[in-house]
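Asks: First the structure, then my questions, so here it is.
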Amino acid sequence: MPRKPRLAVFKFASCDGCQLSLLDCEDELLALAGELEISHFLEASSAVQDGPYDLSLVEGSITTPHDAARIREVRRQSRALVTIGACATAGGIQALRNFRDVREFTRIVYARPDYIETLERSTAIADHVPVDFELRGCPINKAQLLEVLVSFLRRKRPNIPSHSVCVECKRRGIVCLMVARGTACLGPVTHAGCGALCPSFHRGCYGCFGPAESVNTPALAERLEQLGVDRGHRLRLFRSFNANAPEFREESERHEQ
């Protein structure tokens, strides 16, 4: 009988939400378990097998020297490595530290900041090792995760859309909030994957899935200004789950000048 491909799931600085998306697959997870050998997944089981692994899913950003070394070992043990979620693909909400002095944060929070060993910046996994595919979201979309896993088993590239949330709104028949209500919305520059969840409840997109391809953030920021959104609010819109994604980071920094 042919050997099943070996799957590993690793956590770095994160909230575990994207790993839970895998557990939320429920019935599909049982089918996947028949096709994959889950060799390392501490969120689900303390039973751990040593590498190498055929596919590693990595959640979380790199924030400490220890994790910077650990991700290199994970990469060495993995034939294919896929990053899952905003933390792993863009540094996550913790990348807000990148815009301030992290030493000041540790001084305020900890009684003995000299005990804290941390990096100045929270960075994506791809800033440290080669990554075979990035799956966006905070958290990731369960259906997209299944697409990634099935594509790996079929030895093809995952069919994950690269268009913006606006396309999802059009497909669902959701009236544009910016046009109809003057609501601040990052949908025009945000990667699809959420099914236009927030706009479906008359809330502007928060950018959970990071920048879409070929986005024009200055044009959106100009439109937001025309709608009366002040500079501080525009800056904060681009500094959330994907604050360190290059397109969002550059736009937010432009509003600090």
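Asks: Would you please list the contacts, defined by Cβ atoms under 7 Å and residues six or more apart or on different chains, that run from a residue in segment 191-211 that is assigned by TED's automatic domain parsing to the domain that holds residue 181 and touching a residue at least 60 places away in the same chain (Cβ under 8 Å) to a residue that is in a loop (DSSP other than H, G, I, E, B) and of a type outside the set (Gly, Ala, Ser)?
Replies: 208/138; 208/194; 208/241; 209/136; 209/194; 210/136; 210/242
Asks: Of all residues in segment 82-105, how many are more than 14 Å from residue 124 (Cα to Cα) and in contact with a Phe, Trp or Tyr (Cβ under 9 Å, 6 or more places away or on another chain)? Talk me through it step by step, then tell me what you get.
Replies: We begin by selecting, within segment 82-105, every residue more than 14 Å from residue 124 (Cα to Cα); these are 99-105.
Now drop any that are not in contact with a Phe, Trp or Tyr (Cβ under 9 Å, 6 or more places away or on another chain), which leaves none.
Qualifying residue count for the region: 0.
Asks: Looking at segment 124-131, can you tell me whether even one residue there is closer than 21 Å to residue 60 by Cβ, modelled with pLDDT of 95 or more and loosely packed, with under 14 Cβ neighbours inside 10 Å? Explain how you work it out, then say what you get.
Replies: If we filter segment 124-131 for residues that are closer than 21 Å to residue 60 by Cβ, which is where we start, we get 124-131.
Subsequent filtering for residues that are modelled with pLDDT of 95 or more retains 124-131.
After this cut, where a residue has to be loosely packed, with under 14 Cβ neighbours inside 10 Å as well, the list is 130.
Yes: segment 124-131 contains one or more residues that are closer than 21 Å to residue 60 by Cβ, modelled with pLDDT of 95 or more and loosely packed, with under 14 Cβ neighbours inside 10 Å.
Asks: From the set of residues in segment 96-117 that are among the aromatic types (Phe, Trp, Tyr) and either in contact with an Asp or Glu (Cβ under 9 Å, 6 or more places away or on another chain) or surrounded by fewer than 10 Cβ atoms within 10 Å (Cβ to Cβ) (or both), which is modelled with the lowest pLDDT?
Replies: The initial filter retains those residues of segment 96-117 that are among the aromatic types (Phe, Trp, Tyr), namely 99, 105, 110, 115.
With the extra rule that they be either in contact with an Asp or Glu (Cβ under 9 Å, 6 or more places away or on another chain) or surrounded by fewer than 10 Cβ atoms within 10 Å (Cβ to Cβ) (or both), the set shrinks to 99, 115.
Values: 99: 94, 115: 90.
This residue is 115.
Asks: Still on this structure, I have one more. For residue 127, state whether it is over 28 Å from residue 143 (Cα atoms), outside the structural domain of residue 245 (by TED's automatic domain parsing) and not aromatic (Phe, Trp, Tyr).
Replies: Values: over 28 Å from residue 143 (Cα atoms): no; outside the structural domain of residue 245 (by TED's automatic domain parsing): yes; not aromatic (Phe, Trp, Tyr): yes.
Taking the combined requirement at face value, the residue does not satisfy it.
Asks: Scan segment 183-196 and tell me whether some residue there is part of a loop (DSSP other than H, G, I, E, B), modelled with pLDDT under 95 and hydroxyl-bearing (Ser, Thr, Tyr).
Replies: Checking segment 183-196: not a single residue is part of a loop (DSSP other than H, G, I, E, B), modelled with pLDDT under 95 and hydroxyl-bearing (Ser, Thr, Tyr).
Asks: Now for a different question. Starting from segment 232-245, keep only residues that are in the same structural domain as residue 218 (by TED's automatic domain parsing) and closer than 13 Å to residue 205 by Cα, then list their pairs with residues that are assigned to a loop (DSSP other than H, G, I, E, B) and polar (S, T, N, Q) whose Cβ atoms are within a distance under 6 Å, requiring at least 6 positions of separation or different chains.
Replies: Every condition considered, no pair remains.
Asks: Shifting gears a bit: Quick one: would you say residue 167 is at pLDDT 95 or above, part of a helix (DSSP H, G or I), over 18 Å from the mean Cα position of the chain (by Cα) and farther than 30 Å from residue 63 by Cβ? Talk me through it step by step, then tell me what you get.
Replies: Numbers: at pLDDT 95 or above: yes; part of a helix (DSSP H, G or I): yes; over 18 Å from the mean Cα position of the chain (by Cα): yes; farther than 30 Å from residue 63 by Cβ: yes.
Taking the combined requirement at face value, the residue satisfies it.
Asks: Here is a list: 30, 57. Which entry is modelled with pLDDT of 95 or more, in the same structural domain as residue 13 (by TED's automatic domain parsing) and not charged (D, E, K, R)? Please lay out each step first, then the result.
Replies: On the way: 30 fails: modelled with pLDDT of 95 or more.
Matching residue, one of 30, 57: 57.
Asks: Could you pull out every one of the strands (runs of 3 or more DSSP E) wholly within segment 1-96 that has 1 or more residues that are in contact (Cβ under 8 Å) with a residue 40 or more places away in the chain and under 14 Å from the mean Cα position of the chain (by Cα)?
Replies: Values: elements: 6-11, 37-41, 53-59, 78-84.
Counting at least 1 such residues, we get 6-11, 53-59, 78-84.
The values are calculated or read from the model by the stated rules, or taken from the named source; none is laboratory data. All values reported here derive from a predicted model rather than from experimental measurement. No Cβ is skipped: glycine too gets one built from the backbone with ideal geometry, and neighbour counts run over all protein chains shown.
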